[in-house]
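For reference, the structure discussed in these notes is given below.
Throughout, read-outs are computed from the coordinates displayed, never taken from laboratory work. Given the structure is predicted, the values throughout are model-derived calculations rather than measurements. When we count neighbours, we look across all protein chains shown, and the Cβ atoms used for this are built from the backbone with ideal geometry, even at glycine.
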Amino acid sequence: MRIISALAIAAAAGAGVFLFITRPTNLPADALDGLTADATRGETAFYAAGCASCHIAPGDESEGPAVLSGGQSFPSDFGEFLAPNISPDPSHGIGGWNAMDLANAMIHGVSPNGQHYYPAFPYATYTRVNLQDVVDLKAYLDTLPASDTPSQPHNVSFPFNIRRSVGGWKWLFMDDAWIMPANTPELERGRYLVEAMGHCGECHTPRNALGAMDTAQWLGGAPDPSGRGTIPDITPDKLTWSEGDLNYYFETGFTPDYDSVGGHMAHVVENLSRLAPEDRAAITTYLKALP
């Protein structure tokens, strides 16, 4: 009887620890106090964060303001994730969200109804984003066309479909510390654009068995989740282009070998081309400063 009681107590304690560790957490209620939204600044944040790269419809090559209806597929070892509609539609998009909702999604990976998002949404990187940029980004997103296309469910099987367990993943791997030191304003800006807004490490850094980035091999290249080829190492040992070559590539998509950007990176370069020249130069400075 005592053994059964002890096991019951241990099980209850274990369940309590699990529920505590895996609970969704939000920003303090006053986190955005004093911040005023600016949609013009938000446009810069939009391109720096690459929102359209993932959230436009598959194959959408239309001109004009981005329609963020979602639907692109992102395969992984844990299942297939489909980008949701984040247009200003109040029913199918995020038109009903406020800035705090977006901040909690980006910084903590938590939905307005208190559910964990899967880390296919790169909040493990966005957790470093400053709140002013989030407030500005929401103001800009609200200016874009609304789409009534419903978001599609992810194709994730057991046990990875247990949302509560994502809280354990966050407890193990979420970290808002910077990867590389920065000792100049330009390097600090480049670090912010690469390690936070641009979430470059999400593709260019290898992952461990649980899908977390291995920051000891930061930007050292990784297998393509599609199973076709690899995503390149962009540390200075492998990416030997000059600073001028990199800046030109980020602006135009043309490589020093007279080739042009393709695949998903084409969307990334499209976003980078819309940043200020000094921002592209800051990214180059950061990449050249990597160990």
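Brief remarks follow.
- Normalised by 2.2 N^0.38 Å, where N is the number of residues, the C-alpha radius of gyration of the stretch 183-226 stands at 1.28.
- For a straight C-alpha distance cut-off of 25 angstrom, the lysines reachable from Lys238 (same-chain residues fewer than eight places away being disregarded) are Lys288.
- For the Cα trace of the stretch 111-190, dividing Rg by the Kirkwood Rh returns an Rg/Rh value of 1.04.
- Net charge of neighbours whose Cβ lies under 12 Å from the Cβ of Thr205, counting Lys and Arg as +1 and Asp and Glu as -1: -3
- Gln217 paired with Tyr258, simple spin-label distance in nm, labels 7 Å along Cα-to-beta-carbon: 3.5 nm
- Model label sites at Thr230 and Met265, defined 7 Å from Cα along the beta-carbon direction, differ in position by 1.4 nm.
- Taking a point 7 Å out from the Cα of Asp175 in the direction of its Cβ, the residues of the stretch 204-224 whose backbone N falls within less than 16 Å of it are 205-220.
- Eigenvalues of the alpha-carbon gyration tensor of the stretch 152-291, scaled by 5 and square-rooted, set the equivalent ellipsoid semi-axes at 29, 19, 14 angstrom, largest first.
- Remark: the stretch 180-291 carries a charge dipole of roughly 220 debye about the Cα centre, counting +1 on each Lys and Arg Cβ and -1 on each Asp and Glu Cβ.
- Bridgeable aspartates and glutamates around Lys138 (alpha carbons under 12 Å apart, same-chain partners fewer than 8 residues away excluded): Asp38, Glu43, Asp101.
- Net charge of Cβ neighbours under 13 Å - reference Pro75; Lys, Arg +1; Asp, Glu -1: -2
- Note: relative contact order over the chain, using C-alpha pairs below 8 Å and six or more positions apart, is 19 percent.
- Only alpha carbons enter this Debye calculation for the chain, each as an equal point scatterer, and the log10 of I(q)/I(0) it gives at q = 0.07, 0.16, 0.17 Å⁻¹ is -0.28, -1.46, -1.65.
- Summing Lys and Arg as +1 and Asp and Glu as -1 over all other residues whose Cβ lies under 14 Å from the Cβ of Pro24 gives a net charge of +3.
- Kirkwood Rh (inverse of mean 1/r, distinct Cα pairs), the stretch 25-177, angstrom: 16.0 Å
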